[in-house]
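The values are calculated or read from the model by the stated rules, or taken from the named source; none is laboratory data. On a predicted model such as this, the values are computed, not experimentally measured, just so you know. Every residue, glycine among them, receives a Cβ derived from its backbone with ideal geometry; neighbour counts consider all protein chains shown.
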Amino acid sequence: MNSAEIARKMETDAVAFYKEAAEKTSHPVGKKMFLSIMEDEIKHTKMIEAVLKGMDISEASAEPMDRVLTIFEEMKPELERQLTATSDDKEALKIAMDMEKKGFDFYQQSEAEATDEKTKALFKKLARDEDQHYRIFANTYNFLNDSGNWFMWEEKGIVEG
């Protein structure tokens, strides 16, 4: 199996994981987050398919971080009520962070080893998106784990004493 075929399998597995995580997650922010990232992984699968067929990839879609910022903005009133997350929600985020980190590492290595420009461009885009996904999940985990400190850092609060 070549790198593009491995990438297709990784992305397909990620779609299944994020769909299941969204179904099981009780926290509405976590649910929307998983669904948003699942959409990215579906797009990644389509991009990989295009490159495998010798076609160019299209990057017309919104960046993962842009969509997540929209999710947080839309849900800010709920966030401020400090809904609690279950340990299962947090564990799913830890698994997601690990998956995205491994994906990022794989895509960076695959980009370095790629011999044609289309494949290099694909792996570069996938690595960048996986890095953003990791940061999104880490930020969400930090919010769910300690929302008080999360709000202080996100709002650039200064502790005075």
Self-check item: Flag if L93 is out of contact with any Gly (no Cβ under 9 Å at 6 or more places or on another chain), modelled with pLDDT under 90 and among the hydrophobic types (A, V, I, L, M, F, W, C)
Solution: no
Exercise. Take segment 117-147 and flag every residue that is surrounded by fewer than 21 Cβ atoms within 10 Å (Cβ to Cβ) and touching a Phe, Trp or Tyr at 6+ places or on another chain (Cβ under 6 Å).
Key: A127, D131, N142
Quiz item: Among the residues of segment 10-67 satisfying the criterion of being assigned to a helix (DSSP H, G or I) and modelled with pLDDT under 80, which is surrounded by the most Cβ atoms within 10 Å (Cβ to Cβ)?
Solution: G30
Practice problem: Determine if segment 72-85 includes at least one residue that is under 15 Å from I136 (Cβ atoms) and either aromatic (F, W, Y) or modelled with pLDDT of 90 or more (or both). | Solution: yes
Practice problem: Please determine, by comparing only the residues of segment 130-161 that are charged (D, E, K, R) and not in a helix (DSSP H, G or I), which one is modelled with the highest pLDDT. | Solution: D146
Self-check item: Residues that are farther than 22 Å from A138 by Cβ and charged (D, E, K, R), drawn from segment 24-53
Solution: K46, E49, K53
